[in-house]
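The values are calculated or read from the model by the stated rules, or taken from the named source; none is laboratory data. Source: prediction; values computed, not measured. No Cβ is skipped: glycine too gets one built from the backbone with ideal geometry, and neighbour counts run over all protein chains shown. All accessible areas refer to the heavy atoms of the entire protein, side chains included, with ligands and DNA or RNA removed. Shrake-Rupley method; radii C 1.70, N 1.55, O 1.52, S 1.80 Å.
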Amino acid sequence: MEIVIDGRRLPLKRQLAEYWEYRGLLRHLVLKELKVRYRHTALGIVWSLAQPLLPALILGGVFGRALTRPDAAGVPYGLFLLAGLVPWSFFSSAVSMASGAFVSNGYVLTKVYFPRAVLPAASVLTLAVEFAGGCLVLCGWAMAAGWPVRLSWLWLPVLFLASALFAFLISIGIASLNVLHRDIRHALPFLLQIWMYATPILYSPLLVPQRWRWLFGLNPMTGIVLGFRHALFATPFDLRMGAASACTALLAAIAGLTVFLRFQDALAERV
Amino acid sequence: MTLVSVTGLTKRFPLVTRGGAKETFLALDNLNFELAAGEVLGILGGNGAGKSTLLKILSRIIPPTSGRAVLRGRVGSLLEVGVGFHPDLTGRENVFLSAAILGLKDREIRASFDEIVDFSGLEQFLETPVRVYSSGMYMRLAFAVAAHLQPEILLIDEVLAVGDANFQKKCLERLRKMGSDGQGVLFVSHNTSAVARLCTRAILLDHGKLVCQGAVADVMANYLLGDSTCPGERFWSIPEAPGDAVARLLSIRVRDQFGQTRSSLDVGEPFDIDMEFEVLVEDVTLFPSVTINNEWGTAVLWSTDSGTGDHGQPRQAGYYRASVRIPPDLLAEGTMTVTAAMTSLAPRQEHFCAADAVRFLAIDRVDGSTARGVYTDYINAVVRPRLDWCVEYDPAAPVSSRRTS
């Protein structure tokens, strides 16, 4: 094995090989995070389910009657909400945790080498474990509410992976920028809050006038949330919105990856 | 085989000054050196010399500005012990986590887990969160993990100052063994006696430049004594020569047994202190003497010309050359200074006393050839002579207090 250090970036193939070598570290970091989060708790990972479940129950209970609309295709409002809140709360907590991964592990970055994206990847994976739990609760509720298990549920793991990958790729970019400009850490919570309202979680996209829907679809999380509902309840899925979501998601992911690749070598000096 | 070759390695850091002007700070300036298999290369230098920057670049933590380094073999880098330890995790969990951060695969960790635990001596505390460990225990566990990296190239910084003397010794042993096993070690430390005991070669950095490289003793002497203040010899011109109307000192120097003027000497070998002096009046009884002082200011030895025929006799005026042989296996290691004096008695009068006129570094290798034998620990004594020992085993004697446990 020969390593040449000359200030140039490693070839992409070498970088990928390194990530493969460090897969053990990724696993240990995820385990550490889960252990540290839930050690000495009686309920453990159940706590993580409260985050999407609680608003779904409250809002569903309060507005359940008032807001049942034909466009929800007869889905109880609480369940309708949960189908949006589960992917969203994963996405927003994954992005906010992974975006801080370089800054909060600055000390480690300056003392030891490992492929840098392992840190945000560990954050995203940790939350993906909780996301998986949320999905199980969601499916359980759907079945309890009388929704039949159907083939389209197979879309759920696909959407799960897509949202995790999207969260990871934009996070590595944001996390790198965060090292250079710490404003991002302060701005991010606001951005995520606005983003949440721009995503059809509390409402159905059918409320949006037809001619603005494509614009609405540019939000990648719209595609994910609508996909979740479509897979579970066979609610209508606007293909044009889905395509728009996929396009922006792809562009944002490429941007995130590019920023990360550009700055990864300088992280230890700037953190 | 060359494990590491560094060519033209340079690192500039941006520096933001008060006026906001962009300046750069040259942390490493065109370094060139190599590390061969089986070598333990010591990196010496004061604060800000660039030692840590060098190690960070070779560890791939930060990129160089220009130049290149080629590393052939698996690299283990240890810039700090306990990186990645989490206080809430148990000792066992932290072993796995920190080993993974240092680049070990699970299979390798499992294979050496027992050895790691054994090395740390903490088997009872493995299931305890490390936040309740004492700092010594924490460091021991952390180093134990690091010591089992088994890299072909080990880069290591300032981590030996951990734990008690016993544990330190264990760490040093481990590093030495790596060298003799054909791995390469690049070792940064301020603990200079550790460098001397461990390293096969050393380089000295100063303000990012490689000032000298070579045998540990020479590089260390260069580092400890500094270039300007490290003469192994000293001359005086007549107006400046220490002395009075009776005698004056012209020169003094330290020579090894082959006659070479040296600023570092092996305590296992004899050496000479030479001085030249002039006596300016006839028929005075003069006692030339030398004192060797150690770095704590303690006078280690004093000696005068008592063995010579002229001892205690009145001397003629004129030029004299004196030489005193210091026997092997007498001095301890450290920075020594030599004071040369000329005294007459009744009434006592000091004609010159050149305090700390020359300095040299006494080095005690641990290859078994000096009086310390293979005893590697720190020795707290001002001299360490080789004495006649006799240790006998008496199988017939009753052993009254043999432990039964």
For segment B:6-24, enumerate the residues that are farther than 19 Å from residue A:6 by Cα and either among the charged types (D, E, K, R) or open to solvent by 90 Å² or more (accessible area, probe 1.4 Å) (or both). B:16, B:18, B:22, B:23
Counting just the residues of segment B:51-86 that are more than 9 Å from chain A (Cβ to nearest Cβ) and open to solvent by 10 Å² or more (accessible area, probe 1.4 Å), which one comes out farthest from residue B:207 (Cα to Cα)? B:85
Matching residues in segment A:213-269 - criterion: being crowded, with 16+ Cβ neighbours inside 10 Å and within 14 Å of chain B (Cβ to nearest Cβ): A:261, A:263, A:264, A:265, A:267, A:268, A:269
Residues in segment B:122-140 that are open to solvent by less than 30 Å² (accessible area, probe 1.4 Å) and modelled with pLDDT under 90: how many? 1
Go through the residues of segment A:96-110 one by one and say whether even a single one is assigned to a helix (DSSP H, G or I), under 30 Å from residue A:208 (Cβ atoms) and open to solvent by 30 Å² or more (accessible area, probe 1.4 Å). yes
All positions within segment B:97-111 that are assigned to a helix (DSSP H, G or I) and surrounded by fewer than 21 Cβ atoms within 10 Å (Cβ to Cβ): B:106, B:107, B:108, B:110, B:111
Do any strands (runs of 3 or more DSSP E) lying entirely in segment B:273-344 carry at least 1 residues that are open to solvent by less than 30 Å² (accessible area, probe 1.4 Å) and at pLDDT below 90, and which ones are they? B:334-344
Write out, first by first residue and then by second, each pair whose Cβ atoms fall under 7 Å of each other, whose residues are 6+ apart or on separate chains, and whose first residue, in segment A:103-123, is more than 11 Å from every other protein chain (Cβ to nearest Cβ) while the second is among the aromatic types (Phe, Trp, Tyr) and surrounded by 20 or more Cβ atoms within 10 Å (Cβ to Cβ). A:117/A:260; A:120/A:168; A:121/A:168
Would it be correct to say that residue A:12 is more than 23 Å from residue B:86 (Cα to Cα), touching a residue at least 60 places away in the same chain (Cβ under 8 Å) and away from chain B (no Cβ under 14 Å)? no
Top-ranked residue of segment A:32-53 - restricted to ones that are facing another protein chain (nearest Cβ under 8 Å) and part of a helix (DSSP H, G or I), ranked as farthest from residue A:97 (Cα to Cα): A:35
Qualifying position, being assigned to a loop (DSSP other than H, G, I, E, B), among the hydrophobic types (A, V, I, L, M, F, W, C) and open to solvent by 50 Å² or more (accessible area, probe 1.4 Å), among B:353, B:390: B:390
How many residues are out of contact with any helix residue (DSSP H, G or I) (no Cβ under 8 Å at 6 or more places or on another chain) and within 21 Å of residue A:34 (Cα to Cα) if we restrict to segment A:110-151? 1
